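Notes for the one structure printed next.
Each reported figure results from applying straightforward, stated rules to the coordinates on display, with no laboratory input. In this text the structure is predicted, and so the values were computed from the model without any measurement. All Cβ positions, glycine included, derive from the backbone under ideal geometry; neighbour counts span all protein chains shown.
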Amino acid sequence: ERRLQRNGGRSTAGFCRQLRVFVVRSSLQLRRAGFSALRDLLLACVVGLLLGFLYEGTFEQARCGSVADQIHDDRQRDAWIGDCADMVWFNRTWFERAPFYCSGQGWEGGQFDAVRLGYSQALTLSLLALAIISIQVNLNMFGAERTVFWRESRHHSVLAYALGKNLAQLPLTLAYPFFLLLFFYQLLRPYAPFQSFYVALLLVQWAGEGIGQLVSLQLNASRQLAGGVAALLFTVLSGSFPLLPLSGPLVIFSYISFVRWGMEGLLSVEDAPWALGDPTSGGHRGGCCDVRAWQDGACGSSLHAVDRWPSSAGKVHGLLNSYGYTLLPGFGHVGAVDLSTAGGARPGVSGQACFMLLAIGVVVRLLTYLSLLLKDRTRRR
């Protein structure tokens with residue numbers, strides 16, 4: 001009799017237990033849809049492969065030509081071109097970076113002009129692809145099981161439900177940018193290390209998934225179309241392509257574009273040598289490999305770096321300004337930047353962009369939670 005008086009002899013599980021139940025249940029749902037997830041991961045690989053072939057060796061090809069222009073001896077020039085071609089296409093490991101050479105005022109500016117367009121196109125298209133993937137794969141997380149949610153939320157925590165779904169999705173969140181980069185990075189072979197690219201794209205994936213969840217709730221009937229339009233709109237607002245006016249409402253809206261912050265984060269690490277220079281092997285100051293070191297194929301510890309600012313620094317700042325991006329920390333003071341500590345790209349340089357991506361992902365998930373909590377309340381009673 002006392003048990004019947006206390007909720008019919010049943011008691012509602014605590015928050016932690018509910019969270020564990022929802023994580024397990026959501027993981028089982030993803031496991032049943034394993035073929036679809038595998039197909040999506042393979043599509044991410046294919047996209048990265050195609051983009052990689054389009055922009056293969058952008059930096060290295062520009063480096064081969066620019067160094068050859070500085071070698072006046074015909075035999076040495078021919079030897080360099082042959083060695084450089086072998087280094088670009090054959091004699092290198094997947095995760096090895098090419099050295100950054102400089103010699104003579106104005107040379108780095110020409111080298112930067114040779115890579116800036118290719119980089120802008122390659123990075124913009126890769127971010128567009130990841131924006132589409134991140135939004136589309138989450139359109140069914142909440143929108144496709146509204147009836148299940150109405151039933152579950154009558155007796156269980158909405159927060160535990162939303163958090164459990166997101167925790168179960170984390171392995172795929174980690175996987176999508178990795179599979180996209182798996183071939184794209186190896187073919188593009190940029191200056192920045194793999195981990196810098198991966199962290200930036202991982203945060204883009206995190207933010208895009210949150211937007212996909214919100215779209216699935218607010219535009220449930222047309223969520224597939226709305227998701228594609230949202231990915232394209234956020235890419236247009238990135239400022240890299242097309243260029244946005246430097247004043248007006250579009251600039252304000254661009255600050256909420258997760259693609260814009262992904263592009264700013266990638267450029268902050270990829271354009272670092274042209275803005276700050278590259279340290280010598282084991283060194284701690286800006287500079288670059290003297291062109292006389294070309295026979296070694298890399299900066300040696302005994303070689304003295306060119307102790308000056310790269311002449312392309314102004315062009316890097318001009319490019320960022322044309323995109324409407326802020327001048328990132330470290331670009332104004334080379335002494336505060338130690339590029340050698342992180343394989344060529346200090347995480348603090350792109351910290352602002354990473355923070356904004358993280359914040360966008362958190363904010364849209366909070367909005368998704370509020371939508372779950374407040375929308376269709378009468379059907380949940």
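Fully extending the segment from LEU28 to LEU49, taken as 0.36 nm per residue of separation minus the present Cα-Cα distance, adds 4.5 nm.
Residues PHE253, PHE184, PHE142, ranked from the fewest to the most other C-beta atoms within 10 Å, line up as PHE253, PHE142, PHE184. Placing dummy labels 7 Å off each Cα toward the beta-carbon, the span from VAL229 to ASN321 is 3.7 nm.
Among LYS165, LYS315, LYS375, sorting on how many other beta-carbon atoms sit within 10 Å of each Cβ, with the fewest leading, yields LYS375, LYS315, LYS165.
Protection proxy ranking of 257-264, 367-374, 122-129, by the mean of other Cβ atoms within 10 Å over each peptide's residues and highest first, is 257-264, 122-129, 367-374. Highest mean packing first, where packing is the average number of other Cβ atoms within 10 Å per residue, the peptides 218-231, 46-59 line up as 46-59, 218-231.
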